[in-house]
1. Hey, does the stretch 73-82 have a residue that's part of a strand (DSSP E or B), of a type in the set (D, E, K, R) and touching a residue at least 24 places away in the same chain (Cβ under 8 Å)?
2. Determine, yes or no, whether ILE78 is among the hydrophobic types (A, V, I, L, M, F, W, C), loosely packed, with under 15 Cβ neighbours inside 10 Å and under 23 Å from VAL270 (Cα atoms).
3. How many of the residues making up the stretch 41-58 are part of a loop (DSSP other than H, G, I, E, B), surrounded by fewer than 16 Cβ atoms within 10 Å (Cβ to Cβ) and at negative phi?
4. For the stretch 86-101, state whether one or more residues are acidic (Asp, Glu) and either within 19 Å of VAL31 (Cα to Cα) or touching an Asp or Glu at 6+ places or on another chain (Cβ under 6 Å) (or both).
5. Would you mind finding the one in LEU257, LEU266 that is touching a helix residue (DSSP H, G or I) at 6+ places or on another chain (Cβ under 9 Å) and free of Cβ contacts under 8 Å to residues at least 60 places away in the same chain?
6. May I ask you to list the residues in the stretch 29-48 that are of a type in the set (Phe, Trp, Tyr) and within 23 Å of LYS283 (Cα to Cα)?
7. For the stretch 176-191, name all the residues that are assigned to a helix (DSSP H, G or I) and touching a residue at least 60 places away in the same chain (Cβ under 8 Å).
Amino acid sequence: MDKQSIIQYKSEFDAIATYFESDNGQEKVEVWFARDLQVVLGYARWENFQSAINRAVESCNTQGINVDDHFREVTKMISLGKGAVRDVADYMLTRYACYLIAQNGDPKKEPVAFAQSYFAVQTRKAELIEERMAFISRLETRDRLRASEKQLSQNIYERGVDDKGFGRIRSKGDAVLFGGHTTEDMKKRLGVKDNRPLADFLPTLTIAAKNLATEMTNYNVEGKNLYGEPAITLEHMQNNQSVRDMLGKRGIRPEELPPAEDIKKLERRVATEEKKIEKTSSKLPSKTR
């Protein structure tokens with residue numbers, strides 16, 4: 001997501017926030033209404049959005065958090081045209097409730113992906129939202145690579161290649177992707193310990209490149225019905241070469257990209273931040289004025 005889109009979404013989410021006095025009358029409580037949130041999150045039907053709300057409420061319950069502090073059923077008057085109005089169901093939501101809804105929403109919707117970071121970052125500063133979205137993108141890309149490599153390992157095991165063979169295939173693929181530099185060479189260049197995966201220290205772009213090559217290998221191993229280590233190794237090397245060539249056309253050399261933060265540290269940081277979201281989110285006031 002580019003910076004302009006982030007700024008636009010931020011403006012839309014800021015615009016639907018509503019403020020009520022807290023119970024002690026000394027501060028303002030920031031809340032959102034579900035009907036407004038439905039629109040900015042890109043849900044056309046209330047019934048579909050209601051499903052995301054229900055999952056969010058269940059998640060809140062599972063964590064032992066008082067649902068009434070964050071979700072409140074209310075009614076809202078809507079215009080039907082020609083002066084006619086009717087009541088519809090709605091919810092008053094805290095920032096934490098909105099975060100849970102985004103977490104339980106459709107991840108294919110770009111506004112939902114934005115909302116997951118928007119409601120997690122208390123300051124609402126665009127640059128911090130953008131930073132968190134970049135963190136989440138890298139974690140998700142790393143998870144996809146783990147999944148595709150696990151699938152490849154399973155696929156080729158059924159085709160006569162054991163775990164050691166899988167390691168050799170992956171290493172030879174790396175050597176092609178990184179312009180002749182082996183996995184061990186890249187670990188030394190990036191200062192990665194021998195017992196840690198190289199991918200845990202690669203930038204998002206390089207992780208995505210490795211994943212694309214691995215997915216291509218998975219596809220062709222099955223499609224071409226490849227069997228045995230030599231044939232699968234050649235396929236994986238060719239796929240990594242194709243990905244490297246594509247990057248090269250855009251002036252990108254994977255071996256020259258700087259290392260990124262240890263993915264394990266990033267996972268711990270994001271997990272710690274998520275534990276703080278509920279604690280830093282204001283509770284709904286007992287009365288609305």
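The values are calculated or read from the model by the stated rules, or taken from the named source; none is laboratory data. None of these values were measured; they are calculated from a predicted model. Here the Cβ positions follow ideal geometry from the backbone for every residue, glycine too, while neighbour counts run over all protein chains shown.
1. Within the stretch 73-82, one or more residues are part of a strand (DSSP E or B), of a type in the set (D, E, K, R) and touching a residue at least 24 places away in the same chain (Cβ under 8 Å).
2. No.
3. Adding up the residues that qualify gives 2.
4. yes
5. Just a single option satisfies the conditions, and that option is LEU257.
6. Here is the first cut: in the stretch 29-48, the ones of a type in the set (Phe, Trp, Tyr) are 32-33, 43, 46.
Scanning the stretch 29-48 gives TRP32, PHE33.
7. Of the residues in the stretch 176-191, the ones assigned to a helix (DSSP H, G or I) are 176-177, 183-190.
Selection gives VAL176, LEU177, MET186, ARG189, LEU190.
Results for (1) surrounded by 13 or more Cβ atoms within 10 Å (Cβ to Cβ); (2) in a loop (DSSP other than H, G, I, E, B), shown as yes or no for each residue.
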site	(1), (2)
VAL85	no, no
CYS98	yes, no
ILE101	yes, no
ALA113	yes, no
VAL121	yes, yes
ILE129	yes, no
